[in-house]
Amino acid sequence: MSKNPIKSLETFKNSHPDRDYEVEMECPEFTCLCPKTGQPDFAEIEIRYIPDKLCVELKSLKLYLWSYRNEGAFHEKVINDILDDLVEVSSPRWMEVIGDFNVRGGIHTTVSASYQDPKIKTKKKK
């Protein structure tokens, strides 16, 4: 198993696909690079989802998130890319990714993006 950052995500079969339940994961040590200055941006990433047939495997998620340490990207792009990649690999019923970025230049930024499977009638409360 790799101990280096990787862009691939792994899944495993959901043991209860007949039930709506929520999985919440927090990564309090997320870092990426500012595309303007090259300086590190620090954030807490929260991922919440209702799985369908597949669940996200945590070690691959850790290595995937770790790969952003070497990339320069705006906060909005990072959060939307994470959501897109997770939805592509796991096909959840519902998913939300929230990035709570540390203050930089006197501005605190929180970016959230969500996905709802249009074929599934999941009632998700905010």
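Summary of values
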quantity	calculated
Residue ID - nearest to ASP100 (Cα to Cα), chosen from residues in region 71-85 that are touching a Pro at 6+ places or on another chain (Cβ under 7 Å) and touching a residue at least 40 places away in the same chain (Cβ under 8 Å)	ALA73
Residues being under 26 Å from PRO118 (Cα atoms) and out of contact with any Ser or Thr (no Cβ under 8 Å at 6 or more places or on another chain) - total across region 27-54	4
Evaluation of GLU26 against (1) at pLDDT 95 or above; (2) in contact with a Phe, Trp or Tyr (Cβ under 6 Å, 6 or more places away or on another chain) (one fails), failing number	(2)
Candidate set from region 104-122 (those that are in contact (Cβ under 8 Å) with a residue 24 or more places away in the chain and closer than 20 Å to PRO35 by Cα); member that is farthest from the chain's Cα centre (by Cα)	ARG104
Pick from region 1-17, criterion modelled with pLDDT of 95 or more and not in a strand (DSSP E or B), ranking: nearest to THR110 (Cα to Cα)	LEU9
Every residue from region 50-96 that is part of a strand (DSSP E or B) and touching a Phe, Trp or Tyr at 6+ places or on another chain (Cβ under 9 Å)	ILE50, LEU54, CYS55, VAL56, TRP94, MET95, GLU96
Close pairs from region 48-62: first farther than 16 Å from SER8 by Cβ, partner among the acidic types (Asp, Glu) and not in a loop (DSSP other than H, G, I, E, B), Cβ under 6 Å, at least 6 apart	ARG48/GLU24; ARG48/GLU96
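The values are calculated or read from the model by the stated rules, or taken from the named source; none is laboratory data. Being a predicted model, the structure only gives us computed values, none of them experimental. As a convention, Cβ positions derive from the backbone with ideal geometry for all residues, glycine included, and neighbour counts pool all protein chains shown.
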